[in-house]
């Protein structure tokens, strides 16, 4: 998505704590513009410190960032593919950023387990960890599973980065030896002009995850017949549609597909509550035509 917005100046040293989020926003702007927008919003939230406002360079940068974020928001609101994600508030924002983080994490994890090590993989793990940070824009206390995934992604980026720098062969997958976190500054020193992580925008494409093979199963002896209890009445949605579902516009169909895809990503890493929440929202959308 192209925006006629004046580029941001370099991040001053006084605000180096938010530099990773500004850089991630730049990397994701074309392929994940909503996630990019929230990276800048999170950077603003973290930068609003009393001592920062006393620094002329930092204050000037923050004013530019505010104008930039507002122009970005207006561009998203005027775009039919992204308006609902912004209008939906924190709930929609969390889903979009979480989906982007999980898509990058799953892609990086697969590449890692296939022993396909390179600088791009480091950046993909690192950017997924940054997006997990950005979720704190919507929830101060993140679910334990998100915290665990963020920690693993940041550690993997650090570990693979160090191995490549020292000409060592990384070990794929978890190895239980965590190191200090990789910073944006230390990464940039060794990876000038490297492309950002690939991100597939949600759409009607097929899933990139392979279905698990059939699990081993030993057939158990059939129990003796028993009287089945009467089923409990199912809860009704407030705005029930016909049994065939509501007539959905193409945009709402795409939104339903996106919710299912994000639920699949959550299940890949055993985030069952997150998957249930996303699927319930998808069912409501399919039944009522409303989010």
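The values are calculated or read from the model by the stated rules, or taken from the named source; none is laboratory data. Everything quoted here is computed from the prediction, not taken from an experiment. Please note: Cβ atoms are built from the backbone with ideal geometry, for glycine as well, and neighbour counts cover all protein chains shown.
Collect the residues in the stretch 46-77 that are outside any helix (DSSP H, G or I) and over 19 Å from residue 25 (Cα atoms), keeping them in residue-number order.
Here is the first cut: in the stretch 46-77, the ones outside any helix (DSSP H, G or I) are 48-51, 55.
Within the stretch 46-77, 49, 50, 51, 55 meet the criteria.
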(request) Those residues that are surrounded by fewer than 17 Cβ atoms within 10 Å (Cβ to Cβ) and touching a residue at least 12 places away in the same chain (Cβ under 8 Å), I need them from the stretch 121-146; list them, please. (result) 136, 139, 143, 145
(request) Only one of these is surrounded by fewer than 20 Cβ atoms within 10 Å (Cβ to Cβ) and in contact (Cβ under 8 Å) with a residue 12 or more places away in the chain: 52, 96. Name it. (result) 52
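Being within 26 Å of residue 254 (Cα to Cα) and either out of contact with any helix residue (DSSP H, G or I) (no Cβ under 8 Å at 6 or more places or on another chain) or surrounded by fewer than 15 Cβ atoms within 10 Å (Cβ to Cβ) (or both) narrows it down to one residue among 80, 7; which is it?
The conditions single out 80.
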(request) Considering every residue within the stretch 35-44, establish whether at least one is surrounded by fewer than 20 Cβ atoms within 10 Å (Cβ to Cβ), at pLDDT 95 or above and more than 30 Å from residue 290 (Cβ to Cβ). (result) yes
(request) Determine which single condition residue 116 fails, assuming it passes every other condition in (1) surrounded by fewer than 23 Cβ atoms within 10 Å (Cβ to Cβ); (2) in a helix (DSSP H, G or I). (result) (2)
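Examine the stretch 11-22 for a residue that is in a helix (DSSP H, G or I) and closer than 22 Å to residue 259 by Cβ, and state whether such a residue exists.
Going residue by residue through the stretch 11-22, those that are in a helix (DSSP H, G or I) are 13-22.
In the following step, the residues that additionally are closer than 22 Å to residue 259 by Cβ were identified as none.
No - not one qualifying residue is present in the stretch 11-22.
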